[in-house]
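The values are calculated or read from the model by the stated rules, or taken from the named source; none is laboratory data. Only a predicted model underlies this, so the values are computations on that prediction, with no experimental measurement involved. Glycine also receives a Cβ, built like all others from the backbone with ideal geometry; neighbour counts cover every protein chain displayed.
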Amino acid sequence: MSDPRYTKLADLLINYSTCLQSGEHILIEAFDMPRGMVIALVKATTDVGGHPHVAIRDAQIMRALHDDAQDSQFEIWSEYDLERMKRMDAYLGLRGSHNVSEMSGLDADRQQAWGRIYGTPVHMKQRLNHTRWCVLRWPTPGMAQLAGMNTEAFEDFYFDVCTLDYSLMAEAAEKLVDVMNATDQVHIQGPGDTDLTFSIKDIPSIPCCGKLNIPDGEVFTAPVKDSINGVIHYNTPSIYRGHSFENIRLEFKDGKIIGCSADQGGEYLDDIFNSDEGARYVGEFAIGFNPYIKEAMKDILFDEKIAGSLHFTPGNAYDDACNGNKSEVHWDLVLIQRPEYGGGTIMFDGEVIRQDGMFVKEELLGLNPENLIGHTCTVSI
């Protein structure tokens, strides 16, 4: 028996997130996913006259394929997946990994080679810039454990988050886009010794309200590459390249990371930031506001949308908000500014626009949680 929640989510992903049209081709890449959800997506695609293409991935098999792999293997893999991606109008990436640390312990050189040979051409250059794409996690017992919830409660939370009225959020987010597009100087203060300044002048701000990620809820831009000075002390855990990190602190001078430390995982930071020249510069600044997501769960597609958060991302900049920085690294690191996490402010050109995680500027009040909760998305086919 099919789960009606699968059908509802599939309709949202096909009809709203990717806006698939008759005759278009979509790649559905499914990592450790239940068959029922993949079938629901195939059916939703054919219902609109689209052409579904499915790639089934298994995290343990992917790990085995990376062990002792040579560059020549990655090159062939990249060539045929890139050719397929070039033929797609849309892409859905569904990730239901049972073990978020499955790739831990892999040789750092092999991980960097994978990013350079496969990730950059297939995803960073082709998929991000030439398809309508959306990526989402899938609720698993492992995710529920990271969130500190039982599996049933986490599934209920997940489907609430994923079926939020993203059209309402998108309308409210446009006002934040207008404010950010008119801003030059940004000043962030917060927990620890966070005190950071940078410019976002003349770099476009992009709303993310159910089109690129599910769950969603952010507006992103990029800092002027050499404008960043000061310190940011992230207060949410992160998993990157299979390793866990806690309380990462970065120090910047003229845009470049000149100092880095962490309470956990600090021994891996230099390997990451030395991946290439762009890894020590920042490619994204974003403000998160999904009202249902309050706590970190070591899953970046959720954590970067936390209500009252921001993320400041070492590495590659997106083409639609580009500051010229290119890298195989794109590491979203999150700072929560709600009072229970130490508070903090975001100032644009000297004006406080968010205080302790709540928007205080009049035209941005629609993005506060009380104005977004209680509306669920309905999609007509």
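Only residues in the range 134-158 that are buried (at least 19 other Cβ atoms within 10 Å of the Cβ) count as the first member; pair them with residues that are small (Gly, Ala, Ser) and part of a helix (DSSP H, G or I), Cβ under 6 angstrom, at least 6 apart or cross-chain, and list the lot. Short answer, once both residue conditions are applied: 134/17; 154/144.
Within the range 342-349, none of the residues are among the hydroxyl-bearing types (Ser, Thr, Tyr) and under 30 Å from residue 118 (Cβ atoms).
Filtered by the rule that a residue be hydroxyl-bearing (Ser, Thr, Tyr), in contact with a helix residue (DSSP H, G or I) (Cβ under 8 Å, 6 or more places away or on another chain) and either surrounded by fewer than 23 Cβ atoms within 10 Å (Cβ to Cβ) or under 15 Å from residue 296 (Cβ atoms) (or both), the range 211-245 gives 236, 238, 240. When 127, 110 are screened for being buried (at least 21 other Cβ atoms within 10 Å of the Cβ) and over 19 Å from residue 307 (Cβ atoms), only 127 passes.
Within the range 166-186, does at least one residue satisfy the condition of being out of contact with any Lys or Arg (no Cβ under 6 Å at 6 or more places or on another chain), within 21 Å of residue 256 (Cβ to Cβ) and touching a residue at least 60 places away in the same chain (Cβ under 8 Å)? The answer is yes, given that some residue of the range 166-186 is out of contact with any Lys or Arg (no Cβ under 6 Å at 6 or more places or on another chain), within 21 Å of residue 256 (Cβ to Cβ) and touching a residue at least 60 places away in the same chain (Cβ under 8 Å). Report, by residue number, each residue of the range 33-83 that is among the polar types (S, T, N, Q) and either buried (at least 17 other Cβ atoms within 10 Å of the Cβ) or not in a helix (DSSP H, G or I) (or both). 45, 70, 78 - these are the residues of the range 33-83 that are among the polar types (S, T, N, Q) and either buried (at least 17 other Cβ atoms within 10 Å of the Cβ) or not in a helix (DSSP H, G or I) (or both). For the range 179-238, filtering for residues that are of a type in the set (Val, Ile, Thr) and over 25 Å from residue 363 (Cα atoms) leaves 7. Using the structure shown, decide if residue 2 is farther than 30 Å from residue 244 by Cβ and outside any helix (DSSP H, G or I). Here the answer is yes, as residue 2 does meet what is asked.
Filtered by the rule that a residue be in contact (Cβ under 8 Å) with a residue 12 or more places away in the chain and over 18 Å from residue 88 (Cα atoms), the range 11-46 gives 11, 12, 31, 32, 33, 34, 36, 37, 39, 40. For first residues located in the range 340-351 and at positive phi and assigned to a strand (DSSP E or B), partners that are of a type in the set (A, V, I, L, M) and crowded, with 16+ Cβ neighbours inside 10 Å and lie 6+ apart or on another chain with Cβ distances below 8 Å do not occur. From the residues in the range 84-107 that are modelled with pLDDT under 85 and either in contact with a Pro (Cβ under 6 Å, 6 or more places away or on another chain) or hydroxyl-bearing (Ser, Thr, Tyr) (or both), which one is surrounded by the most Cβ atoms within 10 Å (Cβ to Cβ)? Ranking the candidates gives 97 first. Among the residues examined, residue 287 does not qualify as surrounded by fewer than 22 Cβ atoms within 10 Å (Cβ to Cβ) and assigned by TED's automatic domain parsing to the domain that holds residue 310. The residues listed here are 372, 367, 335; of these, the one that is at pLDDT below 95 and either closer than 24 Å to residue 214 by Cα or polar (S, T, N, Q) (or both) is 372. Any idea which residue in the range 301-321 is nearest to the chain's Cα centre (by Cα), counting only those that are surrounded by fewer than 22 Cβ atoms within 10 Å (Cβ to Cβ) and at pLDDT below 95? Going through the qualifying residues, I end up with 301.
Here residue 172 passes the criteria (1) under 22 Å from residue 365 (Cα atoms); (2) surrounded by fewer than 19 Cβ atoms within 10 Å (Cβ to Cβ); (3) touching a helix residue (DSSP H, G or I) at 6+ places or on another chain (Cβ under 8 Å) except the one numbered (2). Screening residue 93 on (1) within 19 Å of the chain's Cα centre (by Cα); (2) small (Gly, Ala, Ser); (3) outside any strand (DSSP E or B) shows it passes everything except condition (3). Might you check whether a residue that is assigned to a strand (DSSP E or B) and assigned by TED's automatic domain parsing to the domain that holds residue 175 occurs anywhere in the range 360-379? No, the conditions are met nowhere in the range 360-379. Being surrounded by 15 or more Cβ atoms within 10 Å (Cβ to Cβ), aromatic (Phe, Trp, Tyr) and part of a strand (DSSP E or B) is a property that does not hold for residue 118.
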